[in-house]
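Taking it in order: structure first as structure tokens, then the write-up.
The values are calculated or read from the model by the stated rules, or taken from the named source; none is laboratory data. In this text, all values refer to a predicted model and were calculated from it rather than measured experimentally. Cβ sites come from the backbone with ideal geometry, for glycine too, and all protein chains shown count toward neighbours. We work out accessible area using only protein heavy atoms, side chains counted, and drop any ligands, DNA or RNA first. Shrake-Rupley method; radii C 1.70, N 1.55, O 1.52, S 1.80 Å.
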Amino acid sequence: MEIPVDNYQWHEFFPNVTHNIGIVIAIWAPIILVYFMDAQIWYAIFSTLFGGIRGAFSHLGEIRTLGMLRSRFEAVPEAFVKRLVPSNMEHKPNPTVELALEQNMVAKFSQVWNEFIYSMRTEDLISNRDRDLLLVPNSSNDVSVVQWPPFLLASKIPIALDMAKDFKGKDDVELFKKIKSDDYMRSAVIECYETLRDIIYALLEDESDRTILRNICFEVTQSLDQNIFLNHFRMSELPLLSEKLEKFLKLLLDDGENATDAQVINVLQDIMEIITQDIMVDGHKILESAHPGQKCQERAEVVRLHLLLTVKESAINVPQNLEARRRITFFANSLFMNMPSAPKVRNMLSFSCELRTAYFGNVLDEWTNFLERIKVTIKDPKDSKDGDHEKEKMEKEKVEKEKMEFIRHWVSYRGQTLARTVRGMLYYKKALELQCFLEFATDEDILHGYRNVDSLNQRYISNAQALSDLKFTYVVSCQVYGNQKKSDDQRDRSCYNNILNLMLTYPSLRVAYIDEREETIKGKSQKLYYSVLVKGGEKLDEEIYRIRLPGRPVDVGEGKPENQNHAIIFTRGEALQTIDMNQDNYFEEAFKMRNVLEEFLKPRRSQRKPTILGLREHIFTGRVRFHYGHPDIFDRIFHITRGGISKASKIINLSEDIFAGFNSTLRGGLITHHEYIQVGKGRDVGMNQISLFEAKVANGNGEQTLSRDVYRLGRRFDFYRMLSFYFTTVGFYFSSMVTVLTVYVFLYGRLYMVMSGLEREILDNPSVQQSKALEEALATQSVFQLGLLLVLPMVMEIGLEKGFRTALGDFIIMQLQLASVFFTFQLGTKAHYFGRTILHGGSKYRATGRGFVVFHAKFADNYRLYSRSHFVKGLELFILLIIYEVYGESYRSSNLYLFITFSMWFLVASWLFAPFVFNPSGFDWQKTVDDWTDWKRWMGNRGGIGISPDKSWESWWDEEQEHLKYTNIRGRVLEIILAFRFFVYQYGIVYHLDIAHRSKSLLVYGLSWLVMVTVLLVLKMVSMGRRRFGTDFQLMFRILKALLFLGFMSVMTVLFVVCGLSISDLFAAILAFTPTGWALVLHMALLAAMLADWASMQAILEVAKSLGIHKGARESIRVHNGADNLHAHSHFVLVPICIRVPNSPAL
């Protein structure tokens, strides 16, 4: 503050000021802003530690690999019964069927587990072999041990055979001790023996042959009881028996396709001979004949026995699909997490699912499993033996049509489509039906299996369906369904037919839509609007309810929340789950729904019960998990009596999801979050799609910041809840904006200090020459510090769920995939749209499409999307860094400069080049040439009424400036003040030009404006000459250009020779005048917006239009915008040549 400065390098307006307040602001302003960043960092650290401890105590990630699952699988059935089976279920066991406790638990567990596995097979996540290895067989009295899934028992039989073959002693106890040390091996050995005995016994139809088998079994049992098994049986011959058994089972599995009865007889005879002659020591009986009976009725037993004998690897990679592994391990792990006990189905809360939707689809994956499935499902037609070729052709066409329908469904289930969401949500109904079966069925019925219920007792089916219909309702809200139904457009008709097919496929599905009708009332034709609910009939939809509306809903509020609101009346029950169309559900998670609903009945803080249950989301389009309003479960009665679940006011309630939480909390509700159940969620996967989504959310968050809801919550929360609320909502976006503002404040402070000469004076002062403290104070904290520390919660989450080694590996892989570049770029998106909303208000919904990004985005598309938010700002920071480097390098000796500015250079590079790095074929030369041609054509097209922004630069410019027409005086004044920063470049640089000869006079700055105006007038003359003489007076126009060129060369020669102009001055002029041109563009745009509001100025605007001034304004802005983005192609920087005001709608 007290250091005297008397050697300013520009014209200083206040040279005699005793206190250097400007220096203090330049140095400490960015440091103060850093404290806002530090607050976000400390919250990230706190949430990481607290969340990690909470997750560990919640048993999150205790089972995260298949190895962990195998080690704890014995405890899974018990945990399943404890968590997911009502504790007071009363069965009437058959006295003849006395099950052990463990077998009883496994029997109940197996019904759900097997349906889970079958659902994954239907979804083609696993193959037939994986399915067979994962299934738990239905328990049977014929097997005395618990039958575990084969993937747990894989390789156990081959290992046991090797142990027995190599065992040298004669003590049974020692051998069986080794086998019994592994419970899975013991179960596998006993099960194989007893299953093989039953299969062979069923095949033998001659009573004498069965007697031989009974005698062999009696000898085995007696030898085991007397511990003389090794004395009566030779273990060395077991491998030979194993080979014959594999061949025998393979013949049975061929089911007559490649096997004959004679082959089965021969192999069976060989097996009996090996047992009686080679293995048994006292096998005095000779097998004379064996006659096969019926084929084994339980094919599953043969398949299972064949797997136990033949699978010699450890099955550690079963299943191979990563998504199937994730679902299996999460389901098993969730059974050990804290959750309410499951009530009976008749006692559970009833609930509805409401889906709001548009309609589209895309896909890719698991093709091999799909082909394997349809090969079994759809049999190719055989050639006609009677020569009826027409019938044969029709059969083939039918099969091909059926295959195509299967393929369409397979494709739809792998995109973010309505079909995928409907299938997922209707798993709730299937889960309820299975739960009803487990409650009402006897133990004997459960042993027989849920899939055999049709042949056992038909009342289970009817009772389960009726009860599930009472407890669950599914309504899809699709506003445009009625218009699609009436439309003649092929795409609309296709969408209508697809939705209709869904209703016909799923009878429980209901669709709500807005119906528009022209009706005559009192002799006048009026358009009336109805909310209609339909269901699938025999071939077409059938109307259930029709409610007249007071008007068109989307005229009142935002489309998405109104789409949800009009359908709420058709839902039923105490709870309501809101679902987006890009979501999915899983059968195993649907089974936990009644547990989650019990959370509504548990009193929490101050004896209040929850009103919204937040559920975990799994992002199936990527590894990052978000939580943004859906698929939360609402207390339906609480919310429909307090204004509904979606606020729908236009603009302010763009993010209607979070306002539901605000509304619930303000009205005394309580919101909880639960990690033991998950719902699938799709996110945008392309650069442009993600940017649109981030822009939408940032806009919505800006509106939240301005809303009364946030103000009221802030007034009502205690300090700690307010901090949590701040940092997880508006504070996150405010911190993102402050991060960018810190860079701006730092660089503009350095610009002021470098251009004025203050920084040199301070650093050269003897009192600070020996100290690095000042330069360290000049160094604000790196942006990397913010980015790396904010990633800690993600590392902790992945570490808990997958292991910290996996988390570290994922973090390294993300960096190699340029995740830092991506998130730095999105930082600019958040800051731009959040700041614009705060400054001017107004936000709009941005449709992202959520499709697969397999196409190249044109440069014109990237330009329209990122010009104002990234490219212009990136070039501004680029110029600031260049100036800081060039004009401060001569006296800077500290290495801190590189550390300070490296993160800023990284920020600039990310903002300018990320759209091209993440664009498919972004560096393909031919596509670059095509993009250049397309961009030039777009820049040259004239706008006008009805011309969309993607067709003309002028239309795009009008759309970009639209927010200035609706902002208030405060927003316009702040915009003008912010635009004045661009004039600092010219003021500072002109005093450092060689032609200025170190003069500090204000005349130097005035002459720079004279030069700029002169150049603009000359170029304006060229522009006018081209319009007036370019067609009819070509010679005169060429003479004019030649005279102007000669005059320009003469002036430049004089400036170089006489005035001392240098080459460096020309480059410095570009750095000085480019920001000035952009400042004039912004001020003219603001002026045009203000003039458009003044009807009295229309005459002046018409005069300007008649003189062609408005055309010149647009041309200059067009050139300047082009200059801001040529870095993508030739990296040229152009100087704005004239300033013209863009047309407003009033013009």
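Numerical summary
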read-out: Of K527/K951; K830/K965; K398/K560; K486/K560; K108/K168; K82/K312, those spanning more than 31 Å from alpha-carbon to alpha-carbon; value: K527/K951; K398/K560; K108/K168; K82/K312
read-out: Relative packing of peptides 682-695, 22-35, 937-950 - highest average C-beta neighbours within 10 Å first; value: 682-695, 22-35, 937-950
read-out: Farthest positive-ward along the range 163-313 dipole, Cα basis, beta-carbon charges - from L204, N231, V267; value: N231
read-out: Share of carbon and sulfur in the accessible heavy-atom surface of the range 141-259 [1.4 Å probe, %]; value: 49
read-out: Long-range amide H partners of S155 with built H, under 5 Å; value: V311
read-out: Per-peptide average of other Cβ atoms within 10 Å, ordering 1059-1071, 319-331 highest first; value: 319-331, 1059-1071
read-out: Full-extension gain in nm, I976 to W925, via 0.36 nm per residue minus C-alpha separation; value: 14.3 nm
read-out: F218-D183 pseudo-label distance in nm [points 7 Å out on the Cα-to-Cβ vector]; value: 3.5
read-out: Approximate spin-label separation C1059-T211, in nm, with each point projected 7 Å along Cα-to-Cβ; value: 12.7
read-out: Environment charge of H832, counting only residues whose C-beta is closer than 9 Å and scoring Lys/Arg +1, Asp/Glu -1; value: +4
read-out: Mean accessible surface per residue for the range 586-712, computed with a 1.4 Å probe while every protein chain stays in place, in Å²; value: 33
read-out: Set of aspartates and glutamates near K393 by C-alpha distance (under 13 Å), chain-local residues within fewer than 8 positions excluded; value: D380, D383
read-out: Full-stretch length increase - K170, I947 - with 0.36 nm per residue and alpha-carbon distance subtracted; value: 270.3 nm
read-out: Set of aspartates and glutamates near K802 by C-alpha distance (under 12 Å), chain-local residues within fewer than 8 positions excluded; value: E62, D810
read-out: Straight-distance crosslink candidates among lysines, where the alpha carbon sits under 24 Å from K391 and sequence neighbours closer than 8 are dropped; value: K375, K379, K382, K401, K403
read-out: Sulfur and carbon atoms: percent of accessible area, the range 528-673 [1.4 Å]; value: 52
read-out: Neighbourhood net charge (10 Å Cβ-Cβ; Lys/Arg +1, Asp/Glu -1) for V146; value: -4
read-out: Protein accessible area in the range 967-1108, 1.4 Å probe - carbon and sulfur %; value: 76
read-out: Surrounding net charge for D183, when Lys and Arg each add one and Asp and Glu each subtract one, Cβ distance under 15 Å; value: +2
read-out: Estimated distance in nm for a label pair at R608 and I374, the labels positioned 7 Å out from Cα along Cα-to-Cβ; value: 5.3
read-out: Gap separating the Cα centres of the range 391-412 and the range 984-1055, nearest whole Å; value: 73
read-out: Sites S462 and R667 - FRET efficiency at Förster radius 30 Å, r taken between beta-carbons, to 0.05; value: 0.10
read-out: Added length on full extension, which subtracts the Cα-Cα distance from 0.36 nm per residue, L253 to V1013; value: 264.4 nm
read-out: For V85, residues with placed amide H under 5 Å, excluding near neighbours; value: A342
read-out: Heavy-atom surface of the range 163-313, accessible at 1.4 Å and reported per residue (Å²); value: 54
read-out: Peptide ranges 867-879, 425-437, 996-1008 listed from the most packed, as the mean C-beta count within 10 angstrom indicates; value: 425-437, 867-879, 996-1008
read-out: Residues whose placed amide H lies under 5 Å from that of Q577, excluding near-sequence neighbours; value: S352, C353, E354, F634
read-out: FRET efficiency for K391 and R868, using Cβ-Cβ distance with R0 set to 51 Å, rounded to 0.05; value: 0.15
read-out: Whole-number accessible area per residue in Å² for the range 967-1108, which is evaluated in the context of all protein chains at 1.4 Å; value: 59
